[in-house]
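Here is the structure we will look at, set down as structure tokens.
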Amino acid sequence: MMNANEKVHCLIIGSGPAGYTAAIYAARANLKPVLYQGMQPGGQLTITTEVENYPGYPNGIMGPQMMVDFEQQAQRMGADIRWGMATKVDFSVRPFKVEIDEEKWIEADSVIIATGASAKWLGLESEQRLNGHGVSACAVCDGFFFKGQEVAIVGAGDTACEEALYLSKLCSTVHMIVRRGEMRASKVMQDRVLKTANIKVYWNSETLEVMGDNKVDSVKLLNNKTNEETIVPVKAFFVAIGHQPNSSLFNGILDMDDQGYLITQPGSTKTNIEGVFACGDVQDKIYRQAVSAAGTGCMAALDAERYLGAMGLH
Ligand code: NDP
């Protein structure tokens, strides 16, 4: 292993609401945090449009702008924000070692992981082309824009059911596309969906294409039992087929559940390695909101500060 090029007190990996909030708190606590932004600076909010449910923005705010605001606030507090990816970690030594961009190693007394999660997509060309123009992976973020309209949602897990129910309260009809003859979601969620009059379930159905020139106007489905194709007119197409936590860097190093979400001790951001903390969506498969991610980012910085103090490192 190369020698470390630099030694820092508190290293933050990731730049969504969790990472930047951790940076704001860590900087104000004089931990002199260094934050590496990762592949998608600003995280998942940079691919959404308007955010109307983040407290403190009475008129709403565009997701990308909100992340610029977070970054500037962290910078103003003195956080050192850098472009770069963590490419390897060694948590078996102290200080910990984190490789950046496969070219340099940083030593860190404490590490805060805020690498987030990524929505899974079907992989259709039309889905990518119309992303942000009616195609969305977040009903809670974008459902409101389709009030009173017909929308489609693909997926059959708890998230898809929850989002279909959310949409059913806003939209005239929710067309729910399920690829098998049954749903993976818990029984109680399925029952709620099936009892909701304005949710229409399409069983054994695959999405062939999301249609529309500049915005979604319909979806083309294939029933894989009857081979019948159907075109359903909709204004939006929501993808709810699961999320992937961005945790592969920590495989075999940090405790994770069977889906790869990092496990933190209840009521804290502590991982199984003392001095390594995790916050935001990489450790949260349930709430996944900007405000809840920011909340755990704050907790991670406070946990790191206490840890450094207890170890006599701060
Ligand atoms: P899941 O992995 O549970 O479900 C994903 C769903 O998407 C499955 O129905 C799957 O179909 C479907 N799917 C996957 N790929 C495709 C594809 N290419 N085309 C069509 N459909 C596809 O993810 P969730 O996000 O729903 O849930 C993640 C975890 O979080 C679960 O453990 C869930 O229980 C939990 N959760 C709990 C909630 C609650 O308790 N209120 C709320 C939200 C999540 P198939 O079944 O055929 O594989």
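Report the residue count in region 225-254 for those that are under 30 Å from K97 (Cβ atoms) and open to solvent by 80 Å² or more (accessible area, probe 1.4 Å).
Residues flagged as under 30 Å from K97 (Cβ atoms) and open to solvent by 80 Å² or more (accessible area, probe 1.4 Å) within region 225-254 amount to 4.
Taking region 149-169 as the region of interest, how many residues are among the hydrophobic types (A, V, I, L, M, F, W, C) and open to solvent by 40 Å² or more (accessible area, probe 1.4 Å)?
Number of matching residues: 0.
Could you go through region 144-154 and let me know if any residue there is part of a helix (DSSP H, G or I) and closer than 19 Å to I286 by Cβ. Full working, then the answer.
First, the residues of region 144-154 that are part of a helix (DSSP H, G or I): 144-146.
Still in the running and closer than 19 Å to I286 by Cβ: none.
No.
Regarding region 226-244, can at least one residue be identified that is under 15 Å from V111 (Cβ atoms), among the hydrophobic types (A, V, I, L, M, F, W, C) and touching a helix residue (DSSP H, G or I) at 6+ places or on another chain (Cβ under 9 Å)? Steps first, please.
Narrowing region 226-244 to residues under 15 Å from V111 (Cβ atoms): none.
Checked against the condition, which is being under 15 Å from V111 (Cβ atoms), among the hydrophobic types (A, V, I, L, M, F, W, C) and touching a helix residue (DSSP H, G or I) at 6+ places or on another chain (Cβ under 9 Å), region 226-244 yields no hits at all.
When you go through L302, L262, L222 one by one, which is the residue that is open to solvent by less than 50 Å² (accessible area, probe 1.4 Å) and assigned by TED's automatic domain parsing to the domain that holds L35?
Going through L302, L262, L222 in turn, the sole match is L262.
Out of all the residues in region 174-219, which are farther than 24 Å from E127 by Cβ and surrounded by 15 or more Cβ atoms within 10 Å (Cβ to Cβ)?
Matches in region 174-219: M189, Q190, R192, T196.
Here are D191, D217: which of them is out of contact with any strand residue (DSSP E or B) (no Cβ under 8 Å at 6 or more places or on another chain) and at pLDDT 95 or above?
Of D191, D217, the one residue that is out of contact with any strand residue (DSSP E or B) (no Cβ under 8 Å at 6 or more places or on another chain) and at pLDDT 95 or above is D191.
Can you spot a residue in region 275-293 that is more than 12 Å from the ligand (Cβ to nearest atom), under 17 Å from the mean Cα position of the chain (by Cα), without any contact (Cβ under 8 Å) to a residue 24 or more places away in the chain and loosely packed, with under 14 Cβ neighbours inside 10 Å?
no
Would you mind stating whether E209 is over 15 Å from A137 (Cα atoms) and either hydroxyl-bearing (S, T, Y) or under 26 Å from the mean Cα position of the chain (by Cα) (or both)?
Working: over 15 Å from A137 (Cα atoms): yes; either hydroxyl-bearing (S, T, Y) or under 26 Å from the mean Cα position of the chain (by Cα) (or both): yes.
Yes.
Kindly evaluate F237 against the criterion of being more than 15 Å from the ligand (Cβ to nearest atom), in contact (Cβ under 8 Å) with a residue 24 or more places away in the chain and more than 15 Å from the chain's Cα centre (by Cα).
It is false that F237 is more than 15 Å from the ligand (Cβ to nearest atom), in contact (Cβ under 8 Å) with a residue 24 or more places away in the chain and more than 15 Å from the chain's Cα centre (by Cα).
From the residues in region 141-170 that are free of Cβ contacts under 8 Å to residues at least 40 places away in the same chain and away from the ligand (no atom under 15 Å from the Cβ), which one is farthest from H243 (Cα to Cα)?
Here the answer is G148.
The values are calculated or read from the model by the stated rules, or taken from the named source; none is laboratory data. On a predicted model such as this, the values are computed, not experimentally measured, just so you know. Here Cβ is always computed from backbone atoms with ideal geometry, including for glycine, and neighbour counts include all displayed protein chains. SASA here: full protein model, heavy atoms, side chains in, ligands and nucleic acids out. Shrake-Rupley method; radii C 1.70, N 1.55, O 1.52, S 1.80 Å.
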